[in-house]
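This report concerns only the one structure given below.
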Amino acid sequence: MRKYFFLFLLLVNNTLTAQIIKGIVIDGNTKLTLEGVTVTLLPINKSNVTDERGKFMFTKNITTGKELEISSIGYETKIIPLSIVANNEPLFLYPQKTQLSDVMVNTKAGQEYKTISKMDIKMRGISNSQEILRIVPGLFIGQHQGGGKAEQIFLRGFDCDHGTDINVTADGLPVNLVSHAHGQGYADMHFIIPETVEQVDFQKGPYNAAKGNFTTSGFVDLKTKNGLTNNLVKLEGGMFDTYRALGMFNLLNQKAKAKQQSWYVATEYAYSNGYFDHPQHFNRFNFFTRYNGKISEQTNLIFTASAFSSKWDASGQVPDRAVADGSIGFYGAIDNTEGGKTSRSNVNVQFITSLKNGSFIKNQFYYSNYHFDLHTNFTFFLEDTVNGDQIMQRESRNMFGYNGTYHQLSFIGTTQLTSQAGIGIRWDKVNNLELSHTVNRYTLLNRLAFGNVSEANTFAYVSETFRFSEKFSLNTGVRFDQLFNNYTDHLKRDSMYKATSGILSPKVSFYYHKDNSTQFYVNVGKGFHSNDTRVSVIEKGRKVLPGAYSADIGTIIKPAKNLLLQASLWYLYLEQEFIYSGDGAFVEPAGKTKRTGIDFSARYEPVKAFYIDADVNYAHGRFTEEIKGQNYIPLAPVWSSTGGITYKNKTGINGSLRYRWLSNRPANERNTLTAIGYFVNDFILNYTKKKYEIGLAINNIFNVKWKETQFDTESRLKNEAAPVEEIHFTPGTKLAAKLSCSIFF
């Protein structure tokens, strides 16, 4: 025991007495801190990455360490003498033209996709709300009610519906809504103004201990801009009566900026009748504000607030047979009274407090007020041959939450240890969660489900990353989630039902960083997705929190200065698939599944002005308890690919030509119906100067007819004697051109 105690004291002594190099990196324009900057000690090439405070720290090699190289994608590279760092002076970086040749493969553990994400954001940008999710390689989205409803999401062989198997957050605020009126994990991102997004962090698979519910296929974490470099006014107008106005304005002067304070607002209004035969009358209003500044010497405050409202008419899903016999056109509607309205308001407050030992604590408090009212008709006259089968799904929700995390960077001898521990709670209080049979939207015929949901999720996690050397890193993490589900059924004299359940999710990842051009990684972990409260409390025999067991083996390599490649082979076993039955107000268990696949990404810059990107993804998924031939996973993507060519100049003409390809896939378990794939191209052309930009965007530039979403549905039309099971679809956009003009000041 004395021997081990002496060894412990020796390690602690090495940790405490080692000389430390630390500093802070700041954007030279906004005067705000920069996260994810690579700091390398020269000439020994020992590197580290700044945290979300912009700070870095590592032990000093006295004999050989002489200067620091500071670099980040989209910024200049600087060589700084150690004497400047020793004087605790902030290190300023200024933006410059992004080039692939400047990129180093030097990501932190758990951030193997960050290099590609940063490059894509800097080179391609985010021009609309759909592009926010499409920035994730291999992720496809589909809109099946015009534009107001949350998109259907496909990733890694999953039809995630509206969010059942992907965790989406915005500045740490949950986007997924549990026990939602329309679908479990419903992730409506339309409250986010795309021009406010600074970066899109993501990871495929359930390997991050900080990410909980719905993290099976992966997570997407959007981060908005800390501050604005200039004010912006943007006007857009295009085909199908499409209009949009955007304004983004700084609220503080240069004196406040010098004190590292930032406060800005952004607001937009959008309207479109859409490309459908039945006008959409879609309109959306967004407001967003963000403040970033110190409230004490040790504590930084980040305050964001947003308000969003939207309403629309919709054409819904149409059956193949109605188009084939000429009853309606390809862009027509069976029930033209479909549509909806929704709104969401958010307040998100974060306090980041630095401690004397260099660690920091982050406390986040958030609140959302949400309303949803949707009217759809999937089956037309299948059940009610007189009035039709239209349903109304409605809810009012208040969501409260707290996240507390502790971050520490320390050293045990020469081993760097990055520690993160977190606790939190999220509580959703949903009032008048309703599913009703209606006609003409608001004429109530029969309530099918009506009640209140209270769902609380408490959690705790620990994540430890050991960096044994410049080449080897190991991350271990474990997370525990406990759910408390309550349902009050108004249709059964306010009968109350309760259930609790918990799940433990361990994670392990190993990273081998050969050099600044090659990295290999192996990830193994467990995640989960929850079931709807109404099912969890009433049908207690069903698994409430089925686990997802996954493994990745992958690499990031840069074989040439202008070529970046990433590839991974992955496996995922899910204890229980969920299929949401919208017209039945319940979530059906579909059985255990197994998926394997390959992801491949390439980024190439043949010359400085051109950027070529391509992502190719393959997934093979099957139910494990069904007989062969009847074990297909409906709508699970098989082959998919996205990519494009981007021409970018600092000023002058720039633009891109992009493609999306999704292959045919089974529409049901027996593979008797096929969801037809598509290949669609989009085009963007801009003329950019220092004070203004004029742009042209064309969706579906070759005007192909394609089906954006497809389902195997049994339905009956008005005059049919018997129901028919076949593909029902929502058509993808026609050729749609839009002009824009932006003023910077």
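Data overview
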quantity	calculated
Protection proxy ranking, peptides 635-647, 209-221, average beta carbon neighbours within 10 Å, highest first	209-221, 635-647
Those aspartates and glutamates that a straight Cα-Cα span of less than 15 Å connects to K149, excepting residues fewer than 8 apart in one chain	D161, D188, D313, E338, D373, E395, E708
Alpha-carbon centroids, region 250-316 and region 555-571: separation in whole Å	36 Å
Inter-centroid distance (Cα atoms) of region 582-652 relative to region 83-152, Å	19 Å
Partners for K707 among aspartates and glutamates (Cα-Cα distance below 13 Å; same-chain residues under 8 apart left out)	D320
Over region 375-496, relative contact order from alpha-carbon pairs under 8 Å, at least 6 apart, %	22 percent
Ratio of Rg to Rh over region 159-311 (Cα coordinates, Kirkwood Rh, two decimals)	1.03
Average silhouette area of region 578-660, convex hull of alpha-carbon atoms, in square nanometres	9.0 nm²
Antiparallel bridge percentage (DSSP; both residues within the chain; nearest 5)	100 percent
Net charge of neighbours whose Cβ lies under 13 Å from the Cβ of I553, counting Lys and Arg as +1 and Asp and Glu as -1	-2
Assigned charges on the beta-carbon of Lys, Arg, Asp, Glu; the chain dipole about Cα centre (debye)	2880 debye
More than 23 angstrom apart: percent of Cα pairs within region 145-241	34 percent
Options (1) 37.9; (2) 32.9; (3) 65.6 - which one matches mean projected area of the Cα convex hull in nm² as calculated here	(2)
Trypsin sites (Lys or Arg not before Pro) restricted to DSSP loop in region 77-147 with at most 14 other C-beta within 10 Å	K97
Karplus (6.51, -1.76, 1.60) ³J(HN,Hα), θ = phi - 60°, over region 705-717, in Hz, Gly and Pro reported as x	8, 8, 9, 6, 10, 9, 9, 7, 10, 8, 9, 9, 7
Neighbourhood net charge (11 Å Cβ-Cβ; Lys/Arg +1, Asp/Glu -1) for S179	-1
Cross-link pairs K492/K718; K225/K294; K22/K294; K234/K690; K97/K362; K592/K628 - those with Cα-Cα distance over 23 Å	K492/K718; K97/K362
Kirkwood-Stokes translational diffusion coefficient of region 673-745, alpha-carbon pairs, 4 °C, 1.567 mPa s, µm²/s	83 µm²/s
Sorted by Cβ density within 10 Å, fewest first, the residues C741, C160	C741, C160
Whole-Å distance, taken between Cα centres, linking region 335-357 and region 706-745	28 Å
Sparse-neighbour loop sites [trypsin sites (Lys or Arg not before Pro); region 668-702; at most 13 other C-beta within 10 Å; DSSP]	K689, K690, K691
Too-long pairs where the Cα-Cα distance tops 31 Å, listed order kept, from K122/K691; K118/K507; K211/K738	K211/K738
Loop trypsin sites (Lys or Arg not before Pro), region 576-658 (other Cβ atoms within 10 Å of the site Cβ: 14 or fewer; DSSP)	K608, K628, K650
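Every read-out reported here was derived from the displayed coordinates using simple, explicitly stated rules and does not represent laboratory data. Because the structure is predicted, anything quoted here is derived from the model rather than measured. Neighbour counts are summed over all protein chains in view; Cβ atoms, including those assigned to glycine, are modelled from backbone coordinates with ideal geometry.
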